[in-house]
Every structure is written in structure tokens, then in C-alpha cells.
Amino acid sequence: VQLVESGGGLVQPGGSLRLSCAASGLTFMNYAMGWYRQAPGKLRESVAAISSDGSTNYADSVKGRFTISRDNAKNTVYLQMNSLNPEDTGVYSCYARISRFYWGQGTQVTVSS
């Protein structure tokens, strides 16, 4: 199983980014997918998740600003992030989960003026 994230970068407060996670080596449609993030000096936290049937859930801190979606035809999960603030800075990693977790390498998101 391989998960490759892309789309991170530097953005100003109030800006937007869309992260992508391309998966291979698995039957993507059967897997729950999600995103975690880790900021310097903080514990890793779950940001958003989407089940195999498309149900979603979000951390309270990102509700109304982030949207997770999946494209089973492209084996890709997305995280649209709007109204970014400096507290959203961190390394964002995607995962695939069925009976265990598989992780990507992560992509850096920095929100700063």
C-alpha cells in the first residue's frame, strides 16, 4: 500500500489549500480514509475522516472550514481547507484504514503572513 500526499505549502491567513492523497496497492473503495495533522510541540490530532460509504466527520476546530471528499475512480482522497489560520500549521498525513492503518509521508502546511 502506498499513499502519496500533495498540495501543501505556505499560505496567508484566510487563504485556502487543497490537499490530495493518491492511494495505490489497495482496493480503495473498501477503505476508510482520513487526515491527521501534527503541529510542532503538539500531539497528532485527527482532522477529518470519510468512510467507505462516504460518511464524514471532522474535528471541532475545522468544522465549517475543511471538507474531506473521495474519488474512488481516481483512488484519491482530498482535503479542501478554507479560512486557514496559523493554528492550522502542521504536517498533514493521510491514512487508509480497514483492519489496520496505512500512512502517507505527510505534507507540510504553513499558515503565516
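See the values below:
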{"quantity": "Separation of alpha-carbon centers, segment 80-103 and segment 7-23, rounded to whole Å", "calculated": "11 Å"}
{"quantity": "Per principal axis, descending, Cα span of segment 1-55 in whole Å", "calculated": "36, 22, 22"}
{"quantity": "Net lengthening on full extension, N85/Q2 (0.36 nm per residue, minus Cα-Cα)", "calculated": "26.9 nm"}
{"quantity": "Farthest positive-ward along the chain dipole, Cα basis, beta-carbon charges - from G15, Q105, V62", "calculated": "Q105"}
{"quantity": "Hz values of 3J(HN,Hα) by residue in segment 8-18 - Karplus curve (6.51, -1.76, 1.60), Gly and Pro given as x", "calculated": "x, x, 9, 9, 7, x, x, x, 10, 9, 10"}
{"quantity": "Check: the chain dipole with +1 on Lys, Arg Cβ and -1 on Asp, Glu Cβ, in debye", "calculated": "120 debye"}
{"quantity": "Spacing of the two label points (7 Å from each Cα toward its C-beta) at Q12 and Q105, in nm", "calculated": "3.1 nm"}
{"quantity": "Shape metrics for the chain, restricted to C-alpha atoms - Rg then Dmax, Å", "calculated": "13.2, 41"}
{"quantity": "Whole-percent carbon and sulfur share, accessible surface of the chain, 1.4 Å", "calculated": "45 percent"}
{"quantity": "Karplus 3J(HN,Hα) series, Hz, for segment 66-74 with 6.51 cos²θ - 1.76 cosθ + 1.60 (x for Gly, Pro)", "calculated": "10, 9, 9, 8, 9, 10, 5, 5, 9"}
{"quantity": "Neighbour net charge for W103 - beta-carbon separation under 12 angstrom, K R +1, D E -1", "calculated": "+2"}
{"quantity": "Distance between modelled label sites at S69 and T27, nm, 7 Å Cα→Cβ extension", "calculated": "2.6 nm"}
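The values are calculated or read from the model by the stated rules, or taken from the named source; none is laboratory data. Computed from a predicted structure; not experimentally measured. Every residue, glycine as well, gets a Cβ built from its backbone with ideal geometry; the counts of neighbours run over all protein chains shown. Heavy atoms of the whole protein, side chains included, go into the accessibility calculation; ligands, DNA and RNA do not. Shrake-Rupley method; radii C 1.70, N 1.55, O 1.52, S 1.80 Å.
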